[in-house]
Amino acid sequence: MERFLPNLPYLTDLELCVHSRNDFIDGHRWQLLTSGLKTFNFNFQIVSDQQEVNLESFRSAFWLEEKYWYVAYDNNCLFSVPYFIPINETIRNLVPLYRTTPDDQIFYE
């Protein structure tokens, strides 16, 4: 990504669906790569034995106050909210345990 995104200076919207390793769970890295974007929606299927994921790097002022980009992790999937909220989670009224949203209302809209 570090070699690809800087070569697209006019890119404003990005949607990624990727099967990846844990190195994609790095909000600081994504902040550097996506600061010029208007929208960034992603769904990363994480290949890991880890059930718990630390989302602290996605809780910075950049993510929550400047961009209003929220993230959740559930069932080995790291995804942007609300764009990639799994349909089955919405139907069952389940909210992912790991999330950066300010409240749960976004999952029910």
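The values are calculated or read from the model by the stated rules, or taken from the named source; none is laboratory data. Model, not experiment: these values are computed from the prediction. Note that we place each Cβ from the backbone using ideal geometry, even for glycine, and neighbour counts take in every protein chain shown.
If you go through segment 5-52, how many residues are hydrophobic (A, V, I, L, M, F, W, C) and more than 20 Å from residue 67 (Cβ to Cβ)?
2
Exactly one of these conditions fails for residue 3: (1) touching a residue at least 12 places away in the same chain (Cβ under 8 Å); (2) assigned to a loop (DSSP other than H, G, I, E, B). Give me its number.
(1)
Step by step: first the residues of segment 21-44, then only those that are over 27 Å from residue 75 (Cα atoms) and surrounded by 12 or more Cβ atoms within 10 Å (Cβ to Cβ), then the one that is farthest from the chain's Cα centre (by Cα). Which residue is that?
Once the filter is applied, the top-ranked residue is 36.
Going by what's in this entry, would residue 95 be described as of a type in the set (Val, Ile, Thr) and at pLDDT 85 or above?
Considered against the rule, which asks whether it is of a type in the set (Val, Ile, Thr) and at pLDDT 85 or above, residue 95 comes out as no.
Just give me the residues in segment 6-20 being part of a loop (DSSP other than H, G, I, E, B) and either without any contact (Cβ under 8 Å) to a residue 24 or more places away in the chain or surrounded by 11 or more Cβ atoms within 10 Å (Cβ to Cβ) (or both), in sequence order.
Scanning segment 6-20 gives 8, 10, 11.
Spot the failing condition for residue 72; the list is (1) surrounded by fewer than 11 Cβ atoms within 10 Å (Cβ to Cβ); (2) closer than 14 Å to residue 101 by Cα; (3) hydrophobic (A, V, I, L, M, F, W, C), and only one is missed.
Residue 72 satisfies all of (1) surrounded by fewer than 11 Cβ atoms within 10 Å (Cβ to Cβ); (2) closer than 14 Å to residue 101 by Cα; (3) hydrophobic (A, V, I, L, M, F, W, C) except (1).
Every residue, every condition in (1) within 21 Å of residue 102 (Cα to Cα); (2) modelled with pLDDT under 95, yes or no:
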residue	(1), (2)
3	no, yes
8	no, yes
15	no, no
20	no, yes
26	yes, yes
45	no, yes
50	no, yes
60	yes, no
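Which of the numbered conditions does residue 53 fail, given that it passes all the others? Conditions: (1) more than 24 Å from residue 106 (Cβ to Cβ); (2) surrounded by 15 or more Cβ atoms within 10 Å (Cβ to Cβ); (3) not basic (Lys, Arg).
All conditions are met except number (1).
For segment 30-55, which residues satisfy the criterion of being touching a Ser or Thr at 6+ places or on another chain (Cβ under 8 Å) and part of a helix (DSSP H, G or I)?
31
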